[in-house]
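Working notes for the structure below.
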Amino acid sequence: MGGHSRNEVEEAFIHYWRTGAVGEDWEAWADLFTDDAVYIEHVLGSLRGRDQIKSWIVQIMAAYPELYTVYEWHAIDGDRVIFYMQNRRDNPEPGGPPFDFPGVSILHYAGDGKWDCEEDFWALPAAQKAQAAYIEARGKHDPEHSIKMTRQNWPDSPDWARGPAQGPRAR
């Protein structure tokens, strides 16, 4: 059991999701971590502290502007939030299905709207396959697609997990 109410943890998670996955304000998202937070990224490595997390997330998301995160579900267990999502790229081929690869993350809530730990798991072979398919489709249909930051395939619900059809920094 956690030290914070379920409502507080739920509200903090929705704010976390809306700031990062929906709003794509990665600097503000990183500010939702404590100064000494630990971020364990099982494919890309571990980070310590908000400053390291911020530097890393801003850089990695800038490198993949076509990639966005689509909510599937979450569960709260005390101060932990476990969530499942799709890492998604819209298809440059008109009417084509998006390119997804799944991920699961575990967050630990520290209070006052801050997180002190995140651990990410994602399917590396599926990520590589999705990226290769996207690059091939982009070459055939729209070489400029990634900088357009299309966001055409949000979940139907909940409302807080849906963003605009174009990313906030789209050109």
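The values are calculated or read from the model by the stated rules, or taken from the named source; none is laboratory data. Keep in mind the model is a prediction, meaning the values are calculated, not measured. Ideal geometry is used to build each Cβ from the backbone, glycine not excepted, and the neighbour counts take in all protein chains shown.
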Residue list for the stretch 132-147, filter: free of Cβ contacts under 8 Å to residues at least 40 places away in the same chain and small (G, A, S) = A132, A133, G139
Six or more apart or on different chains, Cβ under 8 Å: which pairs go from a residue in the stretch 70-99 that's more than 18 Å from Q128 (Cβ to Cβ) and at pLDDT 95 or above to one that's part of a loop (DSSP other than H, G, I, E, B) and basic (K, R)? Could you list them?
-> D90/R151
Hey, among the residues in the stretch 1-34 that are among the hydroxyl-bearing types (S, T, Y) and under 19 Å from D77 (Cα atoms), which one's surrounded by the fewest Cβ atoms within 10 Å (Cβ to Cβ)?
-> S5
